[in-house]
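Down below is the structure, laid out as structure tokens.
The values are calculated or read from the model by the stated rules, or taken from the named source; none is laboratory data. It should be emphasised that the depicted structure is a prediction, and the values quoted were computed from it without experimental measurement. Positions of Cβ are backbone-derived with ideal geometry, glycine not excepted, and every protein chain shown enters the neighbour counts.
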Amino acid sequence: MNKISVIIKREYVTRVRKKSFIIMTILAPLLMASIIILPTMIMMNQDGEYKKIAVIEDNSDLFKGVIRNTKDAEFVYLENVKVEDLQKTFESAGYYGILYISPELINVPNAVQLISKQQPPIGLLQYIENSLKKEIERQKLLAYKIENLDEIMKNIETSVSVQTKKIDETGAVKGTSTGIAMALAYLFGFMMYMLVFIFGAQVMRGVIEEKTSRVVEVIISSVKPIQLMMGKIIGIALVGLTQFFIWIFLTIGIATVVKTTVLPKNNLTELTQSVPQNMMSADNQAAVAAQSANVSPQLAEFSKMFDSAMNQPWGLIIFCFIFYFITGYLLYASVFAAIGSAVDNETETQQFMLPVTIPIIIALMVAIGTMQNPESSLSFWCSMIPLTSPIVMMARIPFDVPYWQIAVSMALMIVTFLAFVWMAAKVYRTGILMYGKKTSWKEMWKWLRYSG
Amino acid sequence: MALFEAVNVTKKYGDQLALDKVSISVPEQSIYGLLGPNGAGKTTLIRIINQITGPDSGELYLNGKKLMPEDVQVIGYLPEERGLYKKMKVGEQALYFAQLKGLSKAEAMKRLKYWFNKLEITEWWGKKIEELSKGMAQKVQFVTTVLHEPKLLIFDEPFTGFDPLNTNIIKKEILYLRERGATIIFSTHNMESVEELCDNITLIDKAKTLLEGSVHDIRSQWAANEYDLVFDGDVKIEGNGDYNILNQQKEGNKSIIRLKTISSIKTNDILQTVLKSGNLISFNPALPSMNEIFIRVIENRN
């Protein structure tokens, strides 16, 4: 036992001290955070740039005044100006671009152009498209000569935004965002995949390194093969967990910083949280609506997502993550160790890698499917089968999985990983001392049944 | 008394016989040579002694008791292909292996300092193995092998990769270790080192023992009635019915002659005939070198 700890220590220390480890550990959360934060920042910063756009119509005035000015774009309708002339001078005239509309637009959907020096933002395009579309629809309706059309139009104008609420056992209602659950499902499934693969492959490389450098002979003359194998697997698992915890702390740290600096301090959180509780009260609703009017809608949306992320059952998620990481990792790492022991160099591993990779790839694909449909039976079964459950179950957990399912999945996982470790140890013991022979699955099966 | 004994050890890899009823007996505080051409089964035997792999049949005894897994603590093993982590620093690596052999960190540190000083490799402590030459790495490995002061030391080809200077240093250390009570088994192709170091040898070929015994006895046995005579000045001898002249050569102002008796003539009678030819300086039975014996034994077999 004492020797195993010496081995674990070496495996851990040599890896944690590597520059690549330190860089990855610090950079990954920053990268993650920037992926989440940057789009929001860009979205919020868009307001700042004011654009003036010239609108020119070809020999008609069907769309005069149709596109209303917004707070960051002004549409100037120009008459008796030729596009060809303005094209050369619009920039010096202070225009961001020219919107050129042909009268065929009513029948030909693409008979409109936005000419500009820069790539126009999606939001602006959508706004123009929507405005024109509405106008064309209105004009087409007008052609039917319906009485009181204007009034009818006003009446049917609606806007819908689905609010998702979840009721837990105690009857309390929580605001959730499916978007966040999906993002988390994806994040966890993918992280699991990465961790199992990266660290499992590290085990394999470590075994091959020891085998090719013949270190293994020296060590096997001091400790048992199983001790060496488990020491390596556990040492690398600790490296993975260290990285994972540092990532969690850094992410929480970054999230806190973002929350306190980027978001305005006028209690957005309380505001959005109070909405569900007061759903039924019309008075309050009006009050809230009035209040929200003061906040930019993007910020409110961001804050809502943020709170939804914070409302996830983090305790359960972290517990499951660590459990599935350890067991899933042990399962795959022991297979990787067995493969590493059976070959003479890394290029030979490929024929063995494919069958190991396939369940992981399937798991990842099912995990992505899980985000669209968390309750599907494929997701359910894949979250039970131990080869895929670490990844698929992690993808399901943000969507509230019944506890009994988690328990069954975990129990199956424990039994399976023990069986895999046991088999891998048998292959490993024979494999590490075999040189110069091309190993096949059949050969490994034979090693598995060796008794001595 | 034998410190280590292997009795009728047999090992098969699949259908291939790697060792066929090989027995060795290694007296305490002696140096035992395992000789044989490549692929003879030496490394297999060494691995079995180290309990890296088990024999199919046969017994192993250490100090008269059956060899047990715990005994690895009193065995030191220097494998043929050096096994060190390339990316690890010399000092850390030596400490690691010492701890795996059961030494405490402090004790390992103390002993490492002593050995690093002795072999003059202290300045390599912070270097990575990949920065060292093959011979340098081998010295490090030698230290890690002997550090826990094992009673039984097993060196698989300890001299390959060393320059003559370092070969000598390692030879000296091996003799010193024996003096301090260690028993040493080593395999080698370097027959010169066998003559210098080994008390006993076993010659294995194709899984079988071909020759076994003390180096001195074996060389006398193979002497085969040959004698070396050295004369002052230029001397020539003719062969007769009792002996043939195998070789005559001049070295400086000496003549060296090798003769082989072909009848049952006594050495006294030979002397009487050759003394007439000139001034005899020395007369020795010609002991064949281990190299010659090795080649002859293997060739005879084929």
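Quick notes
- Residue B:282 in contact (Cβ under 8 Å) with a residue 12 or more places away in the chain, assigned to a strand (DSSP E or B), loosely packed, with under 12 Cβ neighbours inside 10 Å and among the hydroxyl-bearing types (Ser, Thr, Tyr): yes
- Restricting the search to strands (runs of 3 or more DSSP E) fully inside region B:1-62 and requiring at least 3 residues that are of a type in the set (D, E, K, R) and over 19 Å from residue B:174 (Cβ atoms) gives B:2-13.
- If you filter region B:73-99 down to residues that are assigned to a helix (DSSP H, G or I), at the interface with chain A (Cβ under 10 Å from one of its Cβ atoms) and farther than 18 Å from residue B:137 by Cβ, you find that the one that is modelled with the lowest pLDDT is B:73.
- Those residues of region B:78-135 which are under 28 Å from residue A:205 (Cα atoms) and among the β-branched types (Val, Ile, Thr), in sequence order: B:90, B:129
- Any chance residue A:398 is outside any helix (DSSP H, G or I) and either touching a helix residue (DSSP H, G or I) at 6+ places or on another chain (Cβ under 7 Å) or surrounded by fewer than 16 Cβ atoms within 10 Å (Cβ to Cβ) (or both): no
Results for (1) touching a residue at least 60 places away in the same chain (Cβ under 8 Å); (2) polar (S, T, N, Q), shown as yes or no for each residue.
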{"position": "A:362", "(1), (2)": "no, no"}
{"position": "A:365", "(1), (2)": "no, no"}
{"position": "A:396", "(1), (2)": "yes, no"}
{"position": "A:416", "(1), (2)": "yes, yes"}
{"position": "A:419", "(1), (2)": "no, no"}
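- Across region B:229-242, not a single residue is classified as part of a helix (DSSP H, G or I), of a type outside the set (D, E, K, R), at pLDDT 85 or above and surrounded by 15 or more Cβ atoms within 10 Å (Cβ to Cβ).
- Note on region B:109-150: residues that are crowded, with 18+ Cβ neighbours inside 10 Å and within 14 Å of chain A (Cβ to nearest Cβ) total 14.
- Remark: residue A:190 matches the filter, which requires a residue to be touching a residue at least 24 places away in the same chain (Cβ under 8 Å) and surrounded by fewer than 20 Cβ atoms within 10 Å (Cβ to Cβ).
- Candidates in region A:9-18 are the residues that are within 12 Å of another protein chain (Cβ to nearest Cβ) and assigned to a helix (DSSP H, G or I); of these, the one that is farthest from residue B:93 (Cα to Cα) is A:15.
- Criterion (within 20 Å of residue A:182 (Cα to Cα), surrounded by fewer than 16 Cβ atoms within 10 Å (Cβ to Cβ) and hydrophobic (A, V, I, L, M, F, W, C)) met by exactly one of A:418, A:378, A:354: A:378
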